[in-house]
Amino acid sequence: MSAARPRISHSQHPPVTTVLARLFLLFTLVPLADLLLLVWIGRHTHWAVGLGLVIVPALLGAWLVRHEGVRCLRDIRKRLGRGELPTRSLLDGILILAAGVLLISPGVVTDLAGLSLLLPPVRRLVRLGLIHRFRRRVLFGGASRRREAVGQRVLDARVVDVDSRPVDGP
């Protein structure tokens, strides 16, 4: 008689195929939208306008990434010097890096997203949203776990390794 295998839920960690499908859509639909928008702009205006919409935000973005990055690094050093954890500053640094990556890729949509992440009020809103999402996932194991637990039996279990000696014993 074989023991029933526990059901593994993918609610907390989606299968690799789902993640790959999302990444595929992200890396195909966003560039396609950028390309279509640039073609549309090129048809309805002069070609130099489209070129300017790619070059000017990249140059402005490079300067802003450097400026905001240096400011973020100063804040991290200041907080560490006071013995504080620079969590807010580290998240800002990650968002500034993401803005730089968005600005490197040519396109109007990605440039707008990148430039908006370089604005401190927008970055603050995104940072607060990320913190809220991280807290929810840590405290509740993701939103979907609470929905699954309704109507299901919860099992409290411990893992015991019978092949090794106890840590506190001889």
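Subtracting the Cα-Cα distance from 0.36 nm times the residue separation, let me have the gained length for Thr45 to Arg74 in nm, one decimal.
My answer for the length gained is 6.2 nm.
Using a ≥ b ≥ c from the Cα gyration tensor of segment 22-123 (square roots of the eigenvalues), is it rounded, prolate or oblate, where a/c under 1.5 gives rounded and otherwise the larger of a/b and b/c decides, a/b for prolate?
Judged from the Cα gyration tensor, segment 22-123 comes out prolate (a/c at least 1.5, a/b above b/c).
Quick note: the coordinates plus some simple rules give every number you see, no bench work behind them. Note that the structure is a prediction, hence the values are computed from the model and not measured.
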